[in-house]
Amino acid sequence: MLSSGILTAAHASGFRAFVKTVRHAYDLEAVVKGEAGWPRNPADRDLPYFLSEAFRARLVEELPASREHASPGVKRFSLRAKTMLTELAEISVECAQLAHDAGYLPVDEIASRVRVRGRGGIVLQPGIRLLERADDFPADGPILVITDGMIDVLRIRHEHAFLIPAGPALPFRPHGPVFRIR
């Protein structure tokens, strides 16, 4: 297939991934059902990007804004989606974040949309460790930890900052800046 000669490299890669999915070599539905896994073959490196974008579209379409309005089937899908994101992150953190990332947002828009509601109990260190060790995360990439403040001590080697609600303090002395939101 001559896709690279007439398209940009990024579009050609996306088109090749599309063709592979159309030919049913890879099927998002099979991954969702647990009948197949995310593609791991380096020759198919275009597929995780394409499938993660399709997965994101499905999440946006099927998941309700709040849990209390979710049917039992949607709750099962939600749990499966979390597992799928973890599996995808083992292959590519970048692809996993594509599946749920809102993309670039101006600072003012983030400030108006972010609402930190926590109950504590989330263990962040494994996620930080995964991100710092990921092949596709920049070695000098900064990390923003958004939390309600009810967390254990974190060891973060990268440049980092915390975003927490006004009022609570972190239960440790942070090495990066702390930003507060009201």
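The values are calculated or read from the model by the stated rules, or taken from the named source; none is laboratory data. Predicted model only: the values in this text are computed from it and were never measured. Using ideal geometry, Cβ is built from the backbone for each residue, glycine included, and neighbour counts are taken over all protein chains shown.
A compact table of results
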read-out: Residue within the range 157-173 that is under 20 Å from T86 (Cα atoms) and either in a strand (DSSP E or B) or at pLDDT below 80 (or both) present; value: no
read-out: Number of positions in the range 156-171 that are loosely packed, with under 14 Cβ neighbours inside 10 Å and under 21 Å from the mean Cα position of the chain (by Cα); value: 2
read-out: Qualifying residue in the range 19-42 (condition: assigned by TED's automatic domain parsing to the domain that holds E90, among the polar types (S, T, N, Q) and at pLDDT below 65); value: yes
read-out: Residues that are over 20 Å from D136 (Cβ atoms), more than 11 Å from the chain's Cα centre (by Cα) and surrounded by fewer than 17 Cβ atoms within 10 Å (Cβ to Cβ), drawn from the range 76-99; value: R76, S78, L79, R80, T83
read-out: Selected residue (only one of S52, S112 is at pLDDT below 85, among the small types (G, A, S) and farther than 26 Å from I164 by Cβ); value: S52
read-out: R56 being assigned to a helix (DSSP H, G or I) and charged (D, E, K, R); value: yes
